[in-house]
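No lab work stands behind these numbers, since they all come straight from the coordinates. The structure displayed is predicted, hence computed values, not measured ones. Glycine also receives a Cβ, built like all others from the backbone with ideal geometry; neighbour counts cover every protein chain displayed.
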Amino acid sequence: MALTRVIGVGQPQHVGHFRYWFADRRWEWSDEVAVMHGYQPGSVVPTTELLLAHKHPEDRERVASALAKTVEHGDPFSSRHRVIDTAGNVRHVIVVADRMSDDDGAVVGTTGYYIDVTDTLAENRQEILDDTLPELYAARAVIEQAKGALMLIYGIGPEQAFQVLSWRSQETNVKLRALAAQLVADLPAMVHPAVRLRTEFDHLLLTAHERIPAED
């Protein structure tokens, strides 16, 4: 379950899903991603041109370049940038993605999530803290390490890093402590040059729950 699910323009959704097919450059947005851009759910067919039109002018060229590399090399589309919605509001988003394969294992696209990190989400964060406070204190060190990795890779602050960890905890129904511990345990396996660290870390973040031992 995403952090916020009540759909309505003017109520920015904090996590939304997307898919992108390389062959025909076709996008699919969840209702939450549509609302992030200022559209009523189901009212718009996303295209690359529309997506780029909503990027902040200072970020547009960088995102366009990342998309071009995605199509050329088959790598997931990942980014941290600003979106300007239909009302002119600027929202800061992180795109976390992984490869999308067909039944034969061939990479056919990229799939992942838009995470709106504009707000602090104090109410949702407090709810998460109430649910996990005992283990949070018991496992503070490993959670702080995971937060530090997120801060380094995505260039975000500690509160936003905690939001991302909490989102994955809720989305995968895995304890926050166990997810953070697995993510930290996975870090030494990252061997690619700096230019590919972001893509590799996205994969670790989206699949960490699959490697957690059953007892956790």
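Quick notes
- Neighbour counting of Cβ atoms within 10 Å sorts the residues Glu28, Glu49, fewest neighbours leading, into Glu49, Glu28.
- Here the range 15-116 is treated as an ellipsoid with the same Cα gyration tensor; its semi-axes, largest first and in whole Å, are 22, 15, 11.
- For the range 100-108, putting each phi into the Karplus relation 6.51 cos²θ - 1.76 cosθ + 1.60 with θ = phi - 60° gives couplings of 10, 10, 8, 5, 8, x, 6, 6, 10 Hz, in residue order, rounded to whole numbers and with x for Gly and Pro.
- Taking the empirical scaling 2.2 N^0.38 Å for compact globular proteins as reference, the range 12-70 has a Cα radius of gyration ratio of 1.12.
- Separation of the Ala87 and Leu50 label points, Cα + 7 Å toward Cβ, nm: 1.9
- Note on Lys175: lysines with a C-alpha under 22 Å away, same-chain residues under 8 apart excluded, are Lys147.
- Residues of the range 62-96 with amide N under 18 Å of a point placed 7 Å along Cα→Cβ from Thr207: 74-78, 96
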